[in-house]
Amino acid sequence: MVEAAKEAQEFEPSREGRDEMSAGLFLPKGAAGLVRGLRKIGQKGAKRTVIGRTRQKMLRIFEQCYTLLVSRGHSIALFVSDLLIAILQQTATHAASAVLAIIAFYLSLVSTSLPPSKGEQVQIDRAVQLLADRGFSDEVFLLKGTTTFRATDHWLNSFTAKENAYASTNFPFQIVTLYADFYNRAEDDTERAMVLLHEARHLMGEDEHEAYAYVWRHRKQLGWTMRTHGSTESYVTIEQLTREMAPEIFNCPTKSWEDCTE
């Protein structure tokens, strides 16, 4: 009986063996640790699998969001691009229309007036050259490079009353109309250069006050002074007009004729 009990005890499985038997397995004692290790590995593997699946789901969600953003961004970019193109097209159309309108207006002014004769053009060229010799380079550039000289009024000037006028300027169309007084009342090329200097200031956008004041302050540089031309009809007329247009120049009681430029 004792021997039978011992044999039964030898064959009685341990706690780990019973666990294995309860799981339907009966392994030797040395393999139990291996089974537990495999279980742990399986549990870790399962966890890793869950984590991997979670990561995959997150990546899919991220990819979908990224694709959606890219798609919407592309749509927005196309919309903005189309909008800019439409704005540029409209701007170009309006700009072209404005340019064509200006050209048409300019051509209407030129076509309704006559150019100077050859003899008159010679006098104009001499007066411009005198300005160049006296150092009025900016004005000469405008008169030579941008100005269209006319001898008769175009349709726009015909609406303006003119009395004792030497010339008139249409800014910014750069058209200078020279009247008979420019050739007849002006005594010489210096006085004609004075008239062109006045008109050149209008070509720069200056008004009558600024043009009269500029010519009067620079008359010595031009060689048009009281000593050289004080008795001419043009000098007397321009001085009176300058006193009316730019009275601040004649506000120096201590100087001759109260002229601050003397």
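Read the figures in this text as sums done on the coordinates, not as results from a lab. Keep in mind it's a predicted model, so treat the numbers as computed, not measured. Don't worry about glycine lacking a Cβ; one is built from the backbone with ideal geometry, like all the others, and counts go over all protein chains shown.
Note on Thr112 and Ser75: with the Förster distance fixed at 51 Å, the Cβ-Cβ geometry gives a FRET efficiency of about 0.35.
Shape call for the stretch 112-212 from the C-alpha gyration tensor, a ≥ b ≥ c root eigenvalues: rounded (a/c under 1.5), prolate (a/b greater than b/c) or oblate? Judged from the Cα gyration tensor, the stretch 112-212 comes out rounded (a/c under 1.5). As a rough guide to protection, the peptides 99-110, 77-88 ranked by mean Cβ packing within 10 Å, highest first, stand as 99-110, 77-88. For Asp188 and His94, the FRET efficiency from 1/(1 + (r/R0)^6), where r spans their Cβ atoms and R0 equals 35 Å, is about 0.10.
Taking amide H as placed 1.01 Å from N in the peptide plane, Arg150 has its amide H under 5 Å from the amide H of Val176, Thr177, Leu178, each at least 5 places away in sequence or on another chain. Peptides 222-232, 197-207 ordered by packing proxy, namely the average of other Cβ atoms within 10 Å per residue, highest first: 197-207, 222-232. Ordering Ile175, Ala200, Thr190 by the projection of their Cα atoms onto the charge dipole of the stretch 118-258, which places +1 on the Cβ of Lys and Arg and -1 on the Cβ of Asp and Glu, puts Thr190 at the extreme positive end. Couplings 3J(HN,Hα) of the stretch 132-146, computed from phi: 5, 5, 8, x, 8, 5, 5, 5, 5, 4, 5, 5, 7, x, 10 Hz, in residue order, whole Hz [Karplus 6.51 cos²θ - 1.76 cosθ + 1.60, θ = phi - 60°; x for Gly and Pro]. Relative contact order (percent) for the stretch 118-258, with alpha-carbon contacts under 8 angstrom and 6 or more residues of separation? Reported as a whole number, the value is 21 percent. Counting 0.36 nm for each residue step from Ile102 to Glu262 and taking away their Cα separation leaves a gain of 53.2 nm.
Note that the stretch 216-221 has calculated 3J(HN,Hα) couplings of 5, 6, 10, 5, 5, 4 Hz, one per residue in order, obtained from phi through the Karplus relation 6.51 cos²θ - 1.76 cosθ + 1.60 (θ = phi - 60°); glycine and proline are x. Note on Thr237 and Asp133: the extension gain reaches 34.9 nm, defined as 0.36 nm multiplied by sequence separation minus the Cα-Cα distance.
Once both labels are positioned 7 Å from their Cα atoms along Cα-to-Cβ, the gap between Arg126 and Arg217 label points is 3.1 nm.
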